[in-house]
1. So between Glu312 and Ala164, what do we pick up on full extension, going 0.36 nm a residue minus the alpha carbon distance?
2. List the GluC sites (Glu not before Pro) within region 129-195 that fall in a DSSP loop (any state other than H, G, I, E or B) and whose Cβ has at most 16 other Cβ atoms within 10 Å.
3. Just to confirm the filter: which GluC sites (Glu not before Pro) across region 386-424 are DSSP coil and have at most 16 other Cβ within 10 angstrom of their Cβ?
4. Which FRET efficiency value, to the nearest 0.05, is calculated for Thr152 and Ala429 with the Förster distance at 30 angstrom and r the Cβ-Cβ distance?
5. Check Leu59: other-chain or 5+ apart residues with amide H under 5 Å from its amide H, H built from backbone geometry?
6. Report ³J(HN,Hα) in whole Hz for each residue of region 126-131, in order, from the Karplus equation J = 6.51 cos²θ - 1.76 cosθ + 1.60 where θ = phi - 60°; Gly and Pro get x.
7. Counting each DSSP H run of 4 or more residues in the chain as -39500 (n - 2.57), what helix-only mean residue ellipticity at 222 nm follows after dividing by all residues, to the nearest 500 deg cm²/dmol?
8. With a 1.4 Å probe and every protein chain kept in, tell me what percent of the accessible surface of region 153-257 is carbon plus sulfur.
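The values are calculated or read from the model by the stated rules, or taken from the named source; none is laboratory data. Nothing here was measured: the structure is a model prediction, and the numbers come from that model. Using ideal geometry, Cβ is built from the backbone for each residue, glycine included, and neighbour counts are taken over all protein chains shown. Each accessible area value is taken on the protein alone, full model and side chains, heavy atoms only, with ligands, DNA and RNA left out. Shrake-Rupley method; radii C 1.70, N 1.55, O 1.52, S 1.80 Å.
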Amino acid sequence: MSLKNALRAVTALTLITATSAFADTITIATVNNGDMIRMQGLADDFTKKTGHEVEWVTLEENVLRQRVTQDVAAKGGQFDIMTIGMYETPIWAANEWLVSLADLPASYDADDILPAMRAGLSHDGTLYAAPFYGESSMIMYRTDLMEKAGLTMPDAPTWSDVEAAAKAMTDKDNEIYGVCLRGKAGWGENMAFITTVANSFGARWFDENWKPQLDTPEWKAAVTFYNDLLNNYGPPGASTNGFNENLALFQQGKCGMWIDATVAASFVTNPNDSTVADSVGFALAPNKEGVDKRANWLWAWALAIPAGTQKEAAAKQFIEWATSKEYIELVASKEGWANVPPGARTSLYQNPEYQKVPFAAMTLESINAANPDSPTVQPVHIQYVAIPEWAGIGTAAGQEFSAMVAGQQTVEEALSKAQANTAEEMEAAGY
């Protein structure tokens, strides 16, 4: 062996030994969505580069929110990284429950994060969670069924367009349902969708004095429309369907339309998973005639570090890896540009290869169309209310509306109970 090669071998051994000596095992709590499952499959790349091992706790959306909220509030230390969103981040950061990400290296290029995502994941101008992917909501629909029905979906449809298409595409004898919508109870499940429907009808959760508004005509009109749409043209058991359940139905060819997160576009167009991959079109979330607001939301599933972790340095390395431009390129190299995590970085939408993806432009247009500061005609927040009490209030209301969809109570009863519970909770909280 030459002296040069011997020195290289010694250097390599030294680096491996140093990496092993400082290697950690970090525990990450995450949601059981497709992009997160894909991230787990690629985590060997992170371990190879850093020496750190990763243990995963993968949970259904409602369970994840409950577990991480309990742990971070109690400083339980179960997790080194948590998957959270735009609702939790600024509230938890204000409580000093999260570690600042302001010191990520310049090479990470935090300025490349889409402005709407960065703003929603910051507190007092400081980033506290990094977006793994960002989303709005839009319509995904079967182009073959629309053609068969003799209809054309506008790029910017109204709720009347949606209702007409749902009616025309429904064929219950063959298990094809005109529309699939979230019915599963939860502030981030059915209430994420129902609140945007209400916004598009001109409704809002609270007035400027924090008085609940669920007893207004706008709320009744919105919830009645939603309930009728699901009962007339939706699948059986809609009251228990969330994102993953509706995704499976759409991929199986049982939904004419699905109004949900833009991130689903890569899953419904993936021929390895979707039986209708070559017959999917996209349109903006609907508005109601005469109301210039659409039923779209703004959200990011993001990675954050709970304060008090003993493995902060390793956790930051993981976040830097998983939310980087290089990670996007890694996914593209293995599974194609259509399957990279969307909605987080400006540079992705400037990439000529990604611009060829059929849903890329509509996803960005939907994200840009979402205005959290003005989603309805009156002052309001978007699909969630940015106060600590919202999680409990939204989940309680979601249970009432899920029971409504299941036929266990009327629209009026569900709204009355949600209004009463919200008023009680807000009064108890001192609003």
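1. 48.0 nm
2. Filter output for region 129-195: Glu175.
3. Glu389
4. Result of the calculation: an efficiency of 0.05.
5. Correct list: Thr30, Val31, Asn32.
6. 10, 6, 10, 8, 9, x
7. -14000 deg cm²/dmol
8. Roughly 45 percent, rounded to a whole number.
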